[in-house]
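First the structure, in the form of structure tokens, and then the observations on it.
The values are calculated or read from the model by the stated rules, or taken from the named source; none is laboratory data. For clarity, every value in this text was computed on a predicted model and none was experimentally measured. Cβ sites come from the backbone with ideal geometry, for glycine too, and all protein chains shown count toward neighbours.
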Amino acid sequence: MAAKRDADAVADHLENALLNEGKTLTAALEEIDLDRSTYARMILRDPEFEKRVTVYRELCLHLMEDELLEIADNKELNFALRRDMIDTRKWILARRNERYRDKKDITTDGKPLLVSDI
């Protein structure tokens, strides 16, 4: 049962650090001296922990949408820096969630398109 409480404590910390404080996963893990391999084992061994963390990471993507607007509207940052910050976030969003990709699969349902289909 102690391991479960530890997973709950870690998940609670990640919820706060990722969603409320806007920290990266790496920074949040470093705060509690949890190395990546231990975190990975927790994900693999505890489905409830994995589910909670997955939800937090997905919510972070949605929060990143607001960050994009804040960065774009921040005239105190020079244009090149704003562009780089926006492009980096857009790249992350596009790779982590299909909703943010430029290209959408609207015809093949994820299956390869056969020449005979054309």
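Across the range 16-42, the number of residues qualifying as in contact (Cβ under 8 Å) with a residue 12 or more places away in the chain, surrounded by fewer than 14 Cβ atoms within 10 Å (Cβ to Cβ) and closer than 19 Å to Leu61 by Cβ comes to 1. Got at least one residue in the range 93-101 being of a type in the set (Phe, Trp, Tyr), surrounded by 12 or more Cβ atoms within 10 Å (Cβ to Cβ) and farther than 22 Å from Leu14 by Cα? The answer is yes, given that some residue of the range 93-101 is of a type in the set (Phe, Trp, Tyr), surrounded by 12 or more Cβ atoms within 10 Å (Cβ to Cβ) and farther than 22 Å from Leu14 by Cα. Looking at this structure, is Ala11 surrounded by fewer than 11 Cβ atoms within 10 Å (Cβ to Cβ) and modelled with pLDDT of 90 or more? No; evaluated as a whole, the condition is false for this residue.
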